[in-house]
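The values are calculated or read from the model by the stated rules, or taken from the named source; none is laboratory data. Quick caveat: nothing in here was measured; it's all calculated off a predicted structure. Here the Cβ positions follow ideal geometry from the backbone for every residue, glycine too, while neighbour counts run over all protein chains shown. Keep in mind that these areas ignore ligands, DNA and RNA; they rest on the heavy atoms of the full protein, side chains included. Shrake-Rupley method; radii C 1.70, N 1.55, O 1.52, S 1.80 Å.
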There are 2 protein chains.
Amino acid sequence: MTRSLQQVIDPAKKVFLIAHVDPDGDTIGSTLALAHALGKRGKKCTLACSDPVPSLLSFLPGVEKFGVPQVTDHDLIITVDLSDPGRLGRAYEHVLELSLPVVNIDHHITNPMFGTVNLVRSDAAATAEIIFDLLSDWGIALDQLMATYLLTGIVTDTRSFSTSNTTPRVLEVASELMGKGASVTEINESYYRSKGAGTLRLWGRMLDRMELDGRIIWSVNTLEMRRECRADSDNGIVNLLGTVREALAAVVFREHEGHRIEISMRSRPGVDISSVAVHFGGGGHPQAAGAMLDGNLEQVIPRVLSRTREVLDSAD
Amino acid sequence: MTRSLQQVIDPAKKVFLIAHVDPDGDTIGSTLALAHALGKRGKKCTLACSDPVPSLLSFLPGVEKFGVPQVTDHDLIITVDLSDPGRLGRAYEHVLELSLPVVNIDHHITNPMFGTVNLVRSDAAATAEIIFDLLSDWGIALDQLMATYLLTGIVTDTRSFSTSNTTPRVLEVASELMGKGASVTEINESYYRSKGAGTLRLWGRMLDRMELDGRIIWSVNTLEMRRECRADSDNGIVNLLGTVREALAAVVFREHEGHRIEISMRSRPGVDISSVAVHFGGGGHPQAAGAMLDGNLEQVIPRVLSRTREVLDSAD
């Protein structure tokens with residue numbers, strides 16, 4: 001018989017919380033809110049993430065607590081917003097083999113239920129919405145900080161209430177979080193409205209090289225382009241490519257050191273692009289997915305475009 | 001003694017509704033919703049706008065009813081979302097001189113109260129929020145169509161719940177409108193997520209020519225660039241420039257036929273860019289404003305940048 005969430009969390013004294021690799025606003029905001037609440041219940045929390053927290057999220061107080069510590073005398077592991085164990089990252093790829101209970105809190109429909117207890121609700125717009133309900137069940141009053149953590153998860157995972165996972169309910173939750181002092185403007189200003197001029201120069205270069213191939217719009221982001229524009233990241237330009245009227249799918253090919261190409265994909269409702277990502281060992285949502293492939297751009301681009309074309313054809 | 005809204009609207013049989021020049025989602029959505037409601041109350045409505053409704057809004061059923069008709073045997077004029085009489089446009093610049101009552105419904109703080117009755121509430125995120133309350137006062141049940149009209153106004157005027165006019169209250173209203181069948185995804189897909197590939201090519205060119213001048217980021221959109229990219233419009237790239245971390249203000253200079261330059265401006269909270277627009281004969285909100293200037297790019301750019309610099313300096 002599976003244990004209940006309460007049976008696992010109540011006796012725990014030292015909790016090890018894991019955010020997913022390539023962390024976003026939902027995994028970081030939800031983890032911070034949950035740790036804050038567990039702290040109020042007298043538990044010590046360790047915050048872990050295989051990758052550094054992006055500077056875009058540095059406006060959230062407490063992000064400096066994330067690190068890559070070892071699991072030591074902890075008595076519970078909680079994974080937050082991890083669609084699958086692959087999202088644990090290298091530092092934590094073996095934690096599921098430890099003899100510790102694992103609580104898997106997530107909202108991805110593809111979640112394989114890898115926890116001892118699985119709090120997985122694909123009806124939730126963000127894992128933050130699940131944490132909001134959990135804290136409400138626990139009778140924990142939200143302060144401004146917790147509200148900001150949770151609203152960050154919601155705003156970032158719904159791209160500011162614009163994606164198809166935006167429900168009347170999540171707008172109500174957001175309204176309540178604003179009532180506790182969280183600000184959608186601040187979160188948007190910090191997360192979306194904060195690009196370096198170098199990033200926009202990189203966008204200019206990427207848009208110049210953009211190609212429309214049938215119903216696929218795509219572009220590349222090479223190491224050299226990033227160096228020349230003095231930009232670390234293209235900061236979600238794939239979302240912009242996903243707005244092109246002529247296209248059903250958008251792909252960005254991002255060159256990394258060590259002959260690896262990261263692909264980020266977006267698609268219109270009705271086209272499940274996550275199947276392309278899964279095919280290449282990645283994952284995601286139907287309208288937003290990604291993967292990391294070995295090879296160079298010349299090798300990777302035709303393979304990915306070909307597979308994407310197949311998915312578009314089968315969606316007809 | 002001023003007359004009440006009810007005293008003016010109740011006896012009216014033929015209502016002439018005017019949306020503002022360069023129409024946006026709020027003026028069009030709010031006018032359509034109000035006309036729909038007045039129709040339910042047995043009134044005949046004429047929908048007017050000096051400019052054509054942009055194709056971005058053609059997903060709204062009923063936009064084809066907008067035209068540039070004359071005021072004839074109407075007994076009431078209602079202006080919807082007009083911050084000042086200048087927004088009536090050439091076709092209607094004299095309607096305030098007619099001996100007809102005028103209802104001025106708007107949410108701009110700068111509104112000079114030019115109506116016989118002024119329903120101006122600057123606490124409202126959008127004029128659509130005012131119409132929502134009005135219809136609720138009138139006891140008119142919202143159907144899916146009216147909910148879509150109003151949610152379009154809210155989504156477009158808050159840039160999908162991201163600007164500082166987004167209140168807990170407007171999120172609640174939006175939640176209620178979604179409950180009536182309106183879809184934030186559809187509105188966002190239709191309004192924001194619908195750019196031609198040519199538009200993005202134009203963005204690439206504009207980002208290549210982008211300049212960071214102190215704390216002002218700016219770029220140009222020439223007739224030749226639009227022709228070469230086969231793009232009619234730069235579709236709000238000024239919003240993107242407004243995200244640049246190094247800048248407090250963003251300006252786009254858009255060249256038009258007849259030696260006219262349109263400027264679109266954005267600024268960070270704390271910098272009131274509308275004063276620059278007003279100086280050059282335009283207007284707007286503190287964080288989003290615009291104007292039309294006579295001259296060529298070489299003449300207009302230094303004048304506008306110089307004035308913007310003064311505003312930034314005085315905001316320090």
*Which residues, counting only those in segment B:209-230, are within 21 Å of B:Tyr192 (Cα to Cα) and open to solvent by 10 Å² or more (accessible area, probe 1.4 Å)?*
B:Arg226, B:Cys229, B:Arg230
*Taking only segment B:255-282 into account, find how many residues are at pLDDT 90 or above, of a type in the set (Lys, Arg) and either crowded, with 24+ Cβ neighbours inside 10 Å or assigned to a loop (DSSP other than H, G, I, E, B) (or both).*
1
*Of all residues in segment A:24-43, which are of a type outside the set (A, V, I, L, M) and buried (at least 17 other Cβ atoms within 10 Å of the Cβ)?*
A:Asp24, A:Gly25, A:Asp26, A:Thr27, A:Gly29, A:Ser30, A:Thr31, A:His36, A:Lys43
*asked:* What's the number of the only condition in (1) among the β-branched types (Val, Ile, Thr); (2) part of a loop (DSSP other than H, G, I, E, B); (3) buried (at least 24 other Cβ atoms within 10 Å of the Cβ) that B:Ile140 fails to meet?
replied: (3)
*Unique residue being among the acidic types (Asp, Glu) and under 23 Å from B:Val184 (Cβ atoms) when the list is A:Asp143, A:Asp84, A:Asp157*: A:Asp157
*Working only within segment B:92-137, note down all residues that are assigned to a helix (DSSP H, G or I), among the hydroxyl-bearing types (Ser, Thr, Tyr) and in contact (Cβ under 8 Å) with a residue 24 or more places away in the chain.*
B:Tyr92, B:Thr127
*Of all residues in segment B:159-191, count the ones that are open to solvent by less than 10 Å² (accessible area, probe 1.4 Å) and over 14 Å from A:Leu171 (Cα atoms).*
2
*When you go through (1) part of a helix (DSSP H, G or I); (2) within 8 Å of chain A (Cβ to nearest Cβ); (3) closer than 30 Å to B:Leu312 by Cβ; (4) open to solvent by less than 20 Å² (accessible area, probe 1.4 Å) one by one for B:Arg205, which number turns out not to apply?*
(4)
*asked:* Every residue in segment A:149-196 that is of a type in the set (Gly, Ala, Ser) and more than 8 Å from chain B (Cβ to nearest Cβ), please.
replied: A:Gly153, A:Gly181, A:Ala182, A:Ser183, A:Ser190
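Condition check ((1) within 13 Å of another protein chain (Cβ to nearest Cβ); (2) under 24 Å from A:Arg87 (Cα atoms)) across all residues:
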{"residue": "A:Asn221", "(1), (2)": "no, yes"}
{"residue": "A:Glu224", "(1), (2)": "no, no"}
{"residue": "A:Arg230", "(1), (2)": "yes, no"}
{"residue": "A:Ala250", "(1), (2)": "yes, yes"}
{"residue": "A:Arg268", "(1), (2)": "yes, no"}
*asked:* Among the residues of segment A:116-129, what is the count of those that are touching a Ser or Thr at 6+ places or on another chain (Cβ under 8 Å) and open to solvent by less than 30 Å² (accessible area, probe 1.4 Å)?
replied: 5
*asked:* Every residue in segment B:8-50 that is without any contact (Cβ under 8 Å) to a residue 60 or more places away in the chain and touching a Cys at 6+ places or on another chain (Cβ under 9 Å), please.
replied: B:Pro23, B:Thr31, B:Ala35, B:Leu38, B:Gly39
*Are any of the residues in segment B:290-302 buried (at least 21 other Cβ atoms within 10 Å of the Cβ) and among the polar types (S, T, N, Q)?*
no
*Residue in segment B:56-65 that is part of a helix (DSSP H, G or I), in contact with a helix residue (DSSP H, G or I) (Cβ under 8 Å, 6 or more places away or on another chain) and either polar (S, T, N, Q) or assigned by TED's automatic domain parsing to the domain that holds B:Ala289 (or both) present*: no
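From the list A:His94, A:His108, exactly one residue is open to solvent by less than 40 Å² (accessible area, probe 1.4 Å) and assigned by TED's automatic domain parsing to the domain that holds A:His36. Which is it?
Of the residues listed, the single one that is open to solvent by less than 40 Å² (accessible area, probe 1.4 Å) and assigned by TED's automatic domain parsing to the domain that holds A:His36 is A:His108.
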*Among the numbered conditions (1) within 22 Å of A:Tyr191 (Cβ to Cβ); (2) crowded, with 19+ Cβ neighbours inside 10 Å, tell me where A:Thr46 comes up short.*
(1)
_Considering only residues that are open to solvent by 20 Å² or more (accessible area, probe 1.4 Å) and within 12 Å of chain A (Cβ to nearest Cβ), which ones fall in segment B:232-241?_
B:Asn235, B:Gly236, B:Asn239
_Among (1) surrounded by fewer than 21 Cβ atoms within 10 Å (Cβ to Cβ); (2) facing another protein chain (nearest Cβ under 8 Å); (3) free of Cβ contacts under 8 Å to residues at least 12 places away in the same chain; (4) of a type outside the set (Asp, Glu) - the single one A:Leu200 does not satisfy_ = (1)
*State yes or no: is B:Val278 over 24 Å from A:Ile187 (Cβ atoms) and out of contact with any Cys (no Cβ under 6 Å at 6 or more places or on another chain)?*
yes
